[in-house]
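In what follows, a structure is listed as structure tokens, so that the remarks can point back to it.
The values are calculated or read from the model by the stated rules, or taken from the named source; none is laboratory data. Note that this is a predicted model, so its numbers are computed, not measured. Glycine also receives a Cβ, built like all others from the backbone with ideal geometry; neighbour counts cover every protein chain displayed.
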């Protein structure tokens, strides 16, 4: 394990302003630097960075800490990984105790194989005759040497077993190579899965290669599929992965938006143009897993799919999924059916960015324009279909102004009275139930990113109470009294941390200081504290008095539900009718109290 002196050396050597600036746009504010918090949504900057103290801290959600803890939270990595990353950044050698004491990761063997493969493909592109031909092709597509390095682009040789031999000579097992989707087997033995293709590596969020998207580049191979992607492996799942997220996440946090394109070449063209917050899916339809992954970075998405019919259709399918998870949505439709790669090649990178920024449209306008475009309104069935499409779109907004605006425009197009159209809209809303409860994009069952269950929401409210308590000693004592009075001393899951804050830290200090508090915790409690920070990273609710009361009320509801669950268990064992009647009466009172709290929230 690294010594305290080594840890402190890394902290002292790290320029925390430079580190945070990779993720947050900072402005000088007296002795500090100030910016919008990357850990929760806010409009007023409350995230302060102190160069001298080596501390970054959000006064809204409590996120941040010293350089190591900041990097842990922003990259969602553990302490040893963050420590070693910053040590390498500053040219400091750290003892390897952390890595040796860590439990062996069963995926490590696959990561090593992918790393060896990646270095081989890159070297082959750089040092072979075929590589010169491939680089010439990439240059024609606007991809220069610098871009090749940034994206780790490589080349798979023409020989059918070159990579297999390299991996075999590195003492990797054939079965593990196959598991990674890099080699295959037939009657002649093992052979490479990718041959004669430019290799676009796919990295996970930590920047480790996990898969490939392979493109033909020779004219004689034009009858082959343009792209072949890696199959799903222990490291890679198409439906969960987002291309370029490892490079884009810092810009996404900085700009508070993400740009979603259709293909890798579009991402690279956007990146070269300066739109570095651009990503794409892996040749599959957008999934809830991918949307939820993005939600942890931003709640604003800009869709810039291809401008052809297929791209427009894909955009219209993606909109309801982003709406379901509370995103602000804009779209850019490029002219003449072009995609970002084609547009930037034809008109240049600067022209692409200028067009992109000046043609952002909100999703209401996009759906409306696509619904009425090139329609024959002399056909009554077309009129009915267009009305239904626009009516469904309008139900996603809470604004009567937007409703009236688009109904007025539609009335003008259909040459009908606005009052008649409003009547049709009201009838539609009553006739067709809202679809919000139907999940047409279910989260994968075996994926760790899934909708929180009720019990997990209860834990989330407890965690938010803890963050409230960090604001001040007075606030902590107030919450402690509320827990005692309204929750009957209902023990929070984070009880050890709570005791550490109330009965430990605040008995010695009047003001909360992140570093001092963390240093006062045991190793186990430090892990629990880091877990809370990571859980609340994507939480966009404001930390105000209204939300504080909501947290308490939700925990009251959870309290009554928990009691009734226990009463159900008791009833199964009871035989005395009088005791059963008492239990039923108590359950009824609990449900009444629960309903009263829900009604109170609705008001």
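Couple of notes before you dig in:
- Any hit, region 267-289, residues being modelled with pLDDT under 90, surrounded by 20 or more Cβ atoms within 10 Å (Cβ to Cβ) and touching a strand residue (DSSP E or B) at 6+ places or on another chain (Cβ under 9 Å): yes
- Scanning region 136-157 for residues that are surrounded by 13 or more Cβ atoms within 10 Å (Cβ to Cβ) and over 22 Å from residue 274 (Cα atoms) gives 137, 154, 155, 156, 157.
- The conditions of being assigned to a helix (DSSP H, G or I), in contact (Cβ under 8 Å) with a residue 24 or more places away in the chain and under 30 Å from residue 268 (Cβ atoms) are met by residue 131.
- Selection within region 185-206 - outside any strand (DSSP E or B) and in contact (Cβ under 8 Å) with a residue 40 or more places away in the chain: 196, 204, 205, 206
- The single condition among (1) farther than 30 Å from residue 36 by Cα; (2) buried (at least 17 other Cβ atoms within 10 Å of the Cβ) that residue 250 does not meet is (1).
- Selected residue (criterion: surrounded by the fewest Cβ atoms within 10 Å (Cβ to Cβ)) from residues of region 158-177 that are touching a helix residue (DSSP H, G or I) at 6+ places or on another chain (Cβ under 6 Å) and part of a loop (DSSP other than H, G, I, E, B): 170
- Flag for residue 269 being without any contact (Cβ under 8 Å) to a residue 40 or more places away in the chain, under 25 Å from residue 308 (Cβ atoms), in contact with a helix residue (DSSP H, G or I) (Cβ under 9 Å, 6 or more places away or on another chain) and in the same structural domain as residue 327 (by TED's automatic domain parsing): no
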